[in-house]
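A.B. asks: Below is the structure I would like to discuss, written out as structure tokens.
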Amino acid sequence: MKKTIELSMEEVDAAVLGLTERIAFLSGIMATRSRSAYDEHHANFLRDAINARSALITGVSMQAK
């Protein structure tokens, strides 16, 4: 079941920026620590942030068509 919400471009830009910062932070954790130093939830949060950012960007590009 898909849900649709409407966001202004300012809201989308802010969300994408926030997600990009979160992705960079989580990537840094995973890149600089041994596998035993981070938990599976870090990988899940990273995956979720990437998917959310992709969905926002895809949604915006589809609206532009």
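The values are calculated or read from the model by the stated rules, or taken from the named source; none is laboratory data. Please read these numbers as outputs of a predicted model, since none were measured by experiment. Counting neighbours? That spans all protein chains shown, and the Cβs are built from the backbone with ideal geometry, glycine included. Calculation scope for accessible area: heavy atoms of the full protein, side chains included, ligands and nucleic acids excluded. Shrake-Rupley method; radii C 1.70, N 1.55, O 1.52, S 1.80 Å.
A.B. asks: Could you check how many residues of the stretch 41-51 are open to solvent by 40 Å² or more (accessible area, probe 1.4 Å) and in contact with a helix residue (DSSP H, G or I) (Cβ under 9 Å, 6 or more places away or on another chain)?
C.D. replies: Looking only at the stretch 41-51, we keep the residues that are open to solvent by 40 Å² or more (accessible area, probe 1.4 Å), and these are 41, 44-45, 47-48, 50-51.
Subsequent filtering for residues that are in contact with a helix residue (DSSP H, G or I) (Cβ under 9 Å, 6 or more places away or on another chain) retains 45, 50.
Summing the residues that are open to solvent by 40 Å² or more (accessible area, probe 1.4 Å) and in contact with a helix residue (DSSP H, G or I) (Cβ under 9 Å, 6 or more places away or on another chain) in the stretch 41-51 gives 2.
A.B. asks: Out of the residues in the stretch 3-40 that are among the small types (Gly, Ala, Ser) and farther than 16 Å from residue 52 by Cβ, state the one that is least open to solvent (accessible area, probe 1.4 Å). Give the derivation first.
C.D. replies: The initial filter retains those residues of the stretch 3-40 that are among the small types (Gly, Ala, Ser), namely 8, 14-15, 18, 24, 27-28, 31, 34, 36-37.
Subsequent filtering for residues that are farther than 16 Å from residue 52 by Cβ retains 8, 28, 31, 34, 36-37.
Working: 8: 50, 28: 31, 31: 85, 34: 68, 36: 110, 37: 53 Å².
Here the answer is 28.
A.B. asks: Applying the selection to the stretch 17-57, what residues are modelled with pLDDT of 90 or more and aromatic (Phe, Trp, Tyr)?
C.D. replies: Listed by number, the residues that qualify are 25, 45.
A.B. asks: Considering (1) open to solvent by less than 50 Å² (accessible area, probe 1.4 Å); (2) at pLDDT 90 or above; (3) of a type outside the set (Asp, Glu), say which one residue 60 fails and leave the rest.
C.D. replies: Going through (1) open to solvent by less than 50 Å² (accessible area, probe 1.4 Å); (2) at pLDDT 90 or above; (3) of a type outside the set (Asp, Glu) one by one, residue 60 breaks only (2).
A.B. asks: Return the pair list, or none, for Cβ contacts closer than 7 Å from residues in the stretch 8-27 that are of a type in the set (Val, Ile, Thr) to residues that are assigned to a helix (DSSP H, G or I) and open to solvent by less than 50 Å² (accessible area, probe 1.4 Å), at least 6 apart or on different chains.
C.D. replies: 12/56; 12/60; 16/56; 23/46; 23/49
A.B. asks: What pairs come up if the first residue lies in the stretch 38-58 and is without any contact (Cβ under 8 Å) to a residue 12 or more places away in the chain, the second is assigned to a helix (DSSP H, G or I) and aliphatic (A, V, I, L, M), and their beta carbons are under 7 Å apart, counting only those six or more places apart or on different chains?
C.D. replies: Correct list of pairs: 38/29; 38/30.
A.B. asks: Moving to a separate point now. Could you say which residue among 37, 43 is under 29 Å from residue 2 (Cβ atoms) and among the hydrophobic types (A, V, I, L, M, F, W, C)?
C.D. replies: Working: 37 fails: under 29 Å from residue 2 (Cβ atoms).
Testing whether each residue is under 29 Å from residue 2 (Cβ atoms) and among the hydrophobic types (A, V, I, L, M, F, W, C) leaves just 43.
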